[in-house]
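Readers should treat all values here as calculations from the given coordinates under stated rules, not as data from a laboratory. Predicted, not measured: the structure shown is a model, and the values here were computed from it. When we count neighbours, we look across all protein chains shown, and the Cβ atoms used for this are built from the backbone with ideal geometry, even at glycine.
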Amino acid sequence: MASGDTDVSICSIALLKLGATSITSFTDGTAPASVCQVIYPKVKASSLSMYPWSFTLTKVQLSRLTSTPNSTWKYEYTLPTSMITGVPRKVMASSSVGSPMIKDYEIQGAKLLTDQTTIFIDYQADVAEGSLPTYFVDFLVHQLCWNLSEAITDQIEKSIYWREVALGTEGENRRGGEFRRAMHIDSAGQTTPVIGEYLLTEVR
């Protein structure tokens with residue numbers, strides 16, 4: 001884990017790669033800091049949601065609300081605020097090993113509606129910078145280089161270059177570059193069903 005990393009230090013690495021000066025905070029009064037303050041949260045969230053990274057996967061039992069949905073469902077549950085995709089990867093009625101997924105539910109905003117009396121979900125959670133693996137931080141830095149380059153260097157060519165470094169070429173379906181390297185490292189610690197599920201999702 002890259003325990004010493006922060007949002008500011010990650011942005012600073014990207015800025016240095018772009019030939020700019022590092023920042024001390026998002027409010028240090030410099031133009032790069034102002035740009036990073038706006039762009040960084042969006043790039044981080046997007047990068048985390050691009051793949052079922054092993055370090056983001058979490059299982060939790062949802063809390064059932066006392067209110068009754070104004071719909072055909074009997075119960076409603078609050079979804080975790082830490083979810084980065086807005087939807088769970090799996091929904092189950094039990095936490096038992098091998099518990100089958102259920103399909104009789106509906107997502108409405110930050111709530112899950114269903115007739116099930118107990119709900120467990122697997123989902124991707126946001127992760128603090130200090131707990132991000134080094135391989136993902138490297139990918140995130142290159143994602144930032146791509147998204148910051150035009151604003152920092154005023155050169156569209158630099159943006160195109162860094163996009164290919166981060167994601168590969170169009171011929172690779174944007175699954176190359178640092179993204180592919182990070183996926184390969186991360187997949188070594190995941191089970192075949194998780195990877196298979198992701199690949200099937202990509203085909204669809």
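Counting other Cβ atoms within 10 Å as a rough exposure proxy, the listed residues LYS103, LYS111, LYS42, LYS59 run LYS103, LYS42, LYS59, LYS111 from fewest neighbours to most. What do you get for the angle between helix 192-203 and the principal long axis of the chain? Use alpha-carbon atoms, 0 to 90 degrees, nearest ten. The angle comes out at about 70 degrees.
Rounded to the nearest 10 degrees, the angle from helix 7-17 to the longest Cα principal axis of the chain is 40 degrees. Rounded to the nearest angstrom and listed largest first, the equivalent-ellipsoid semi-axes of segment 55-124 from its Cα gyration tensor are 19, 14, 10.
Only lysines eight or more places from LYS17 in sequence, or on another chain, were considered; those with a Cα closer than 23 Å are LYS42, LYS44, LYS158. Residues whose amide H falls under 5 Å from that of ARG64, counting only those 5 or more places apart or on a different chain, are absent, with hydrogens built in the peptide plane.
By other beta-carbon atoms within 10 Å, ranking LEU148, LEU57 with the fewest at the front produces LEU57, LEU148.
The relative contact order of the chain comes to 24 percent, based on Cα pairs under 8 Å that sit 6 or more residues apart.
The ranking of HIS184, HIS142 by Cβ neighbour count inside 10 Å, starting from the fewest, reads HIS184, HIS142. Here LYS111 is the anchor, and the lysines within straight C-alpha reach of less than 18 Å, apart from those fewer than 8 places off in the same chain, are LYS59, LYS74, LYS90, LYS103. With contacts taken as Cα pairs under 8 Å at a separation of at least 6 residues, segment 38-143 carries a relative contact order of 35 percent. Computed about its Cα centre, the charge dipole of the chain is approximately 460 debye, with only Lys, Arg, Asp and Glu carrying charge at their Cβ.
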